[in-house]
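Asks: Quick one: the structure is below, and I'll ask about it shortly.
All of the numbers you see were taken from the coordinates with simple rules; none came from a lab. Because the structure is a prediction, the values reported are computed rather than measured. FYI the Cβ positions are ideal-geometry reconstructions off the backbone, even for glycines, and counts take in every protein chain you see.
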Amino acid sequence: MSNAASAVGCDQDDLACQCSQSSSILTSALDCIVINCGAVIGLEVWSSAQAFCSCVAGSITTSATPVLLSTGAPGTVIPLGTTTPTGPETPTVPETPTVPETPTSTTTSLVPTQHCHCHYHFFWNAYSVQIGVPYGGSSDCDATYNALSDLWVGISGWQCVPISGGGIQLWFNAYPYRNDDINRVLESRYPTILGGFNCPAA
């Protein structure tokens, strides 16, 4: 295109001159356009140049770059002022909304019942008592131990621990046949137990 423009006496930056001689320039450069751009792209270049010159005829006031610009890729020519495509934009993927977790209860529903078992050893009983109330910690265990010790029933081997899933497990030794006193103290300590306590005598 530059050679064709020079052939008709137009400088490369003189757009007004090039557009006034556009028919001669395009006719002279037709073979070059078709050979380098192909028939389809060549027609697009021809149409783009004519459209560009229609704008230049009424709006050019200062010198500008040549009519046609090459993007560097063989066979690709774009009109001046057209933004060179840089490739499709990567679509923005919307964030997946966070679904709030359903709160789960960590406290197992306890049934306020008890299970008391006794193993008779002639001189003492070994008791195992499961109590269906929430474990109250060491202070609650100490209060139960002290209440039983006040009865002088020979409490020994005392253990008070939480049951997995809730509740209290007691292990202790006591004199035989003192079960009524033991049941009374346990009922005073855990009054919500349905039906009270029924630890056996031996």
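Asks: Starting with the fewest neighbours, write out Leu110, Leu148 ranked by other beta-carbon atoms found within 10 Å of each beta-carbon.
Replies: Leu110, Leu148
Asks: Here is a follow-up. Using every Cα-Cα pair within the range 114-189, state what percent have a distance larger than 17 Å.
Replies: Beyond 17 Å sits 38 percent of the P(r) for the range 114-189.
Asks: Fewest to most neighbouring Cβ within 10 Å: what's the order for Asp11, Asp31?
Replies: Working: Asp11 13, Asp31 10.
Ranked by crowding around the Cβ, least crowded first: Asp31, Asp11.
Asks: Now for a separate question. Give, in nm to one decimal, the length gained when the segment between Ala201 and Trp171 is fully stretched (0.36 nm per residue of separation minus the Cα-Cα distance).
Replies: On the way: separation 30, 0.36 × 30 = 10.80 nm, distance 1.56 nm.
Stretched out fully, the Ala201 to Trp171 stretch lengthens by 9.2 nm.
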